[in-house]
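Read-outs: derived from the displayed coordinates by stated rules, not from any lab. What you see is a predicted model, and the numbers here were worked out from it, not measured in a lab. FYI the Cβ positions are ideal-geometry reconstructions off the backbone, even for glycines, and counts take in every protein chain you see.
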Amino acid sequence: MTEDDAQLEARLEEQAVFEPSESFVSDANVSDPGIYDEFEETWPDCWEAAADLLDWESDYDQVLDDGNPPFYEWFTDGKLNASANCLDRHLDERGDEAAIEWVGEPVDETNRTYTYAELHREVNEFAAALRDLGVEEDDVVTMYMPMIPELPVAMLACARIGAPHSVVFAGFSADALATRMDAADSEYLVTCDGYYRRGDPLDHLAKANDGLSTVEHDTTAVVVDRLGDNDDDFGHGLADGQHDYDDLVDAQAGAEVDPVTRDAEDMLFLMYTSGTTGKPKGVKHTTGGYLSWVSWTSQAVLDIEPGDTYFCAADIGWITGHSYIVYGPLALGTTTMMYEGTPDYPDRDRLWEIVDEYDATQLYTAPTAIRAFMKWGEQYPDRHDLSSLRLLGTVGEPINPRAWKWYYKHVGDEECPVVDTWWQTETGGMMITTLPGISDMKPGSAGPPLPGVDVRIVDEVGEQISAGEAGYLTVQKPWPGMLRTLYDNDERFIDEYWAAYSDVDSDDPDDWVYFPEDGAKIDGDGYITVLGRVDDVINVSGHRLGTMEIESAIVGVEGVAEAAVVGGNHEIKGEAVYAYATTENGYEGTDELRDRIITGVEDAIGPIARPERVVFTPDLPKTRSGKIMRRLLENIADGEEIGDTSTLRNPDIVEDIQAEAGD
Ligand code: PRX
């Protein structure tokens, strides 16, 4: 390190507040600080600004109907189609500009560009094909696909014909796919033969077929030939009720499908996510409110405009990819990048190579990735010209100040603002973040709530707490991008998100408060630091996993009597899965059983939920009422001092578990 570098490091280490660069501010989409007061004074009408970013077939009557909280309706009676907003309306002005730049994992493969005109054509053809297969308006179509262009094509084709999609992350297991298809009564699946991971082709169709074989109703599947007609094909062929994607699209060459007129409140998609109880929750998002929200936040926070080449390195199988790879960027008419592979294949500079080659203007990724980049070293970004970047973003978990500063310095060259965006599957889009053209940034703190978003930090009984103290994050007013309910389960929707701080018998919207199940604190400037989940959800590499789901997979393994799962600190992943298990009579905690537990979790959920450690113990620490004390297990996972054990029925067990875990 040269002297200068050392000085720079020291300065960055100390600096707690960063101003956005003048060059960014002078060109930012939103740069008037008056927006905060203006939105507060005009709420909820301020959200016309979001709706105005879309083309409506017929105007809405009311911005917000809050007559039946918490079942809020936004832009009531407005009519629009999401696919028309993401495609058709751009054709005249930018039909020949790239809508999607797709980069496959193999370096010697030809990357694919879809102009808006090409994407429009393929979406129309596939929409016609789906109709021919029998898909009708409001039928839920499931997609189980990796990062290939046919995924957004299928999503937009569904949106075009008014069929909600439910995308299942390709890394999830066959069981997870089947559970989600059953829960949504989804009879249609779009999937693919395989894809590449770190140089090897993966057999995805085998997993999809396994899942389909356990779905409780008949299904029709479309299979994309991702791997081509070579040896990588795994030779499954297509079963009865399965169709080749290319054949379907070719047969519809030139077809045009009029976008179906959808009501603002009609469902655009379902996305299953983890919660406290074992069963995943089907979060329902609508056409008008969701699309307005992701468009407005893409413009105001990611500073997207047509002509940009925007790169979000998330996976479309999660909400980040839905909102900020597909819907937000395409609604705004920009170029959105998609990358199939991992950032370290074939080398640890793959992302920087893509940014360099495509002159990406924004990069949006997760803290877990940034921590990995930091560990690999700055020589990788340093090898490339990253000067096209104008803005950096992070999402998914808290970012530690060191990682923030590394990103700011080594990727953004101290010129790009960093937006640390807090939001959830349920919120549809961003809620808490600095506005890059207005606010100073404080590494480690997401920033103030967006204008028009009413976030408060409260104590157990809902009283606002003082600056600096840890409390619970709440959202006090509805917003257009909010989930409308949980699929087919209004009761659970109220229980999970509202009951904690609302008067559930009231029909006054002021008595209803949304609880995202995160802890947080606020400073004197109104900047919010999100502390993490306060429920039984853990966040592994920015992926949300329910501990109960993992536990039920483990107790399903022969020989396991009881299991408890907690999140332990992990340098790169943020949190990692730590499992504690007791064995049934006649079974021992052997390596063989440990392997079966790991396989059991991978089969039930997927490799992302794979336990980092499995600790066998004669008993789990329990209170006198029989509740497992997870906090103690977390302390053990983190090698921390053990908290109060006086309420335990079996305090002696703690030492045994520590000894086991220490091995
Ligand atoms: O705990 C918060 C964390 O991720 C959770 C939401 O996970 P999911 O629905 O999978 O959506 C992830 C992508 C939006 C939140 O409840 N989280 C998300 N963003 C941040 C965060 N924690 C701290 N800082 C963030 N910027």
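Tabulated values for the structure
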{"read-out": "Rounded FRET efficiency, nearest 0.05, which uses the C-beta distance separating residue 659 from residue 466 and R0 of 30 Å", "value": "0.10"}
{"read-out": "Protection proxy ranking of 375-388, 521-534 - average other beta-carbon atoms within 10 Å, highest first", "value": "521-534, 375-388"}
{"read-out": "Quotient of C-alpha Rg and 2.2 N^0.38 Å, computed over the chain", "value": "0.94"}
{"read-out": "Stretch gain in nm, segment residue 55-residue 523, where the contour uses 0.36 nm per residue and the Cα spacing is subtracted", "value": "164.5 nm"}
{"read-out": "Size of charge dipole - the chain - debye, nearest 20, with Cβ of Lys, Arg +1 and Asp, Glu -1, no other charges", "value": "1340 debye"}
{"read-out": "Euclidean distance of C-alpha centroids, the stretch 159-218 and the stretch 521-547, integer Å", "value": "29 Å"}
{"read-out": "Assigned charges on the beta-carbon of Lys, Arg, Asp, Glu; the stretch 248-346 dipole about Cα centre (debye)", "value": "500 debye"}
{"read-out": "Kyte-Doolittle mean at least 1.0, axial Cα span of 15 Å or more - DSSP H helices of the chain", "value": "150-161"}
{"read-out": "Residues in the stretch 254-281 that a label on residue 214 would reach, taking backbone N under 15 Å of a point 7 Å out along Cα→Cβ", "value": "279-280"}
{"read-out": "Alpha carbon convex hull of the stretch 407-494, volume per residue in cubic angstrom", "value": "131 Å³"}
{"read-out": "Cα-projected label distance for residue 32 with residue 625, points at 7 Å along beta-carbon direction, nm", "value": "5.4 nm"}
{"read-out": "Computed helical MRE - 222 nm, the chain, DSSP H runs ≥ 4 contributing -39500 (n - 2.57), nearest 500", "value": "-8000 deg cm²/dmol"}
{"read-out": "As computed over the stretch 324-390, the Cα convex hull volume per residue (Å³)", "value": "93 Å³"}
{"read-out": "Where Rh is the Kirkwood radius over Cα pairs, Rg/Rh for the stretch 125-238", "value": "0.95"}
{"read-out": "Dipole of the stretch 91-245 [Lys/Arg +1, Asp/Glu -1 at C-beta], most positive-end residue of 222, 147, 130", "value": "147"}
{"read-out": "For the stretch 560-663, size of Cβ-based charge dipole, Lys and Arg +1, Asp and Glu -1, in debye", "value": "500 debye"}
{"read-out": "Among 318, 282, 295 - extreme Cα towards positive end, dipole of the stretch 261-325, charges at beta-carbon", "value": "282"}
{"read-out": "Debye-sum result for the stretch 524-663 in log10 I(q)/I(0), which assumes one identical scatterer on each alpha carbon, at q = 0.14, 0.16, 0.20 Å⁻¹", "value": "-0.64, -0.82, -1.25"}
{"read-out": "Sequence-separation-based contact order of the stretch 514-628, relative, with Cα cut under 8 Å and 6+ spacing, percent", "value": "21 percent"}
{"read-out": "Range of Cα positions in the stretch 595-659 per principal axis (Å), largest first", "value": "38, 25, 17"}
{"read-out": "Semi-axis lengths, Å, the stretch 282-334, gyration tensor of Cα atoms, sqrt of 5 times eigenvalues", "value": "18, 14, 8"}
{"read-out": "Stretchable slack from residue 93 to residue 603, in nm (0.36 nm times residue separation minus alpha-carbon distance)", "value": "178.8 nm"}
{"read-out": "Among 163-170, 340-347, the order from most to least packed when residues are scored by Cβ within 10 Å on average", "value": "163-170, 340-347"}
{"read-out": "For a label point 7 Å along the Cα-to-beta-carbon line of residue 260, residues of the stretch 171-189 with backbone N under 16 Å", "value": "185-189"}
{"read-out": "Contour minus Cα-Cα distance for residue 640 and residue 197 (0.36 nm per residue)", "value": "155.9 nm"}
{"read-out": "Dimensionless Rg/Rh of the stretch 568-625 - Kirkwood Rh, Rg from C-alpha atoms", "value": "1.02"}
{"read-out": "For the stretch 45-195, the Rg and Dmax computed from alpha carbons only, in angstrom", "value": "17.8, 57"}
{"read-out": "Formal net charge of residues neighbouring residue 565 (Cβ-Cβ distance under 10 Å; K, R +1; D, E -1)", "value": "-2"}
{"read-out": "Cubic angstrom per residue, convex hull over Cα atoms of the stretch 490-603", "value": "154 Å³"}
{"read-out": "Protection-proxy order for peptides 444-450, 483-489, 463-469, 82-88, each taking the mean of Cβ atoms within 10 Å per residue, highest first", "value": "82-88, 444-450, 483-489, 463-469"}
